[in-house]
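Here is the structure we will look at, set down as C-alpha cells.
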Amino acid sequence: MPGGLQQREAARPLDGCRPIGRGHPHRHPRHAQAQPRAGGEEWAIHDYEGFCGLHLGEYEDIEEVAVLASVIEKHGEAIARYINNRGRDYVNLGTLEEDFEDAFVGQYESVRDFAEANLEVLGFGGLTPDQLEGVWAFLDWDHVAHELTITDYWCADARELGGGVYVFRRD
C-alpha cells in the first residue's frame, strides 16, 4: 500500500460513525419531530398507482392518504391536478372538495375550445351574442384563450378520458 493511502485510512475515524437507520433523528424530517406511539409501526409508501399523478411522499400521514384516495376516487385525475397545482401544504383537506368544485370549470379538448365554448358566458367587452356574430370569424381564438389563462383561469393537461385540458378558476 502506498504511504499516502495508509495515512488517509488511518486519519478516518470509524468509531464515531454509525449508519443512519431506524430511530436516527436525521433519517427523515418527519421522524425527527414525531413522538413514538405505543405499539406503533413504521410504514412507507412505494406505490402511487391510482393516485392519478398526485405527488405523495414516502412518509405521508396515513389519515391524509385515506382522505386523498377518497376524493380522487370521487373526482378522478382533475382533483389530483388541482392539488398538485395548489401545493399539498396549501390545501385544506377539510374544505378540499368544496374548494375544488368552486374552482373546476370542466374538461375541454383544448384551451381554445374552452374559450370558444364559454365566450358568451364570460362576456366579451359587454357585446351581446348578436353583436359578436359579426366579428366571430375574425377573433384570434388562440390569443383569447391565452388571455383567459393568464388572467382568470389556469389549465392542467388531462391524461384520462381522452386527454385535453382541465380548466380551473383562479382564486
Residue by residue through region 78-88, the couplings from Karplus 6.51 cos²θ - 1.76 cosθ + 1.60 with θ = phi - 60°, in Hz, x for Gly and Pro, are 4, 6, 5, 5, 4, 5, 4, 5, 5, x, 4
Residues with amide H under 5 Å from that of Val105, placed H, sequence gap 5 or more: Val167, Phe168, Arg169
Starting from the amide H of Tyr153, placed 1.01 Å from N in the peptide plane, find each other amide H under 5 Å away whose residue is 5 or more places distant or on another chain. Arg170
Would you mind ranking Ser70, Ser110 so that the residue whose beta carbon has the fewest other beta carbons within 10 Å leads the list? Ser70, Ser110
Tell me, what are the semi-axes, in whole angstrom and largest first, of the equivalent ellipsoid of region 62-169 as set by the roots of 5 times the Cα gyration tensor eigenvalues? 32, 13, 11
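We did not get these values from a lab; they are worked out from the coordinates using the rules stated. None of the values given here were measured: they were computed from a predicted structure. Note that we place each Cβ from the backbone using ideal geometry, even for glycine, and neighbour counts take in every protein chain shown.
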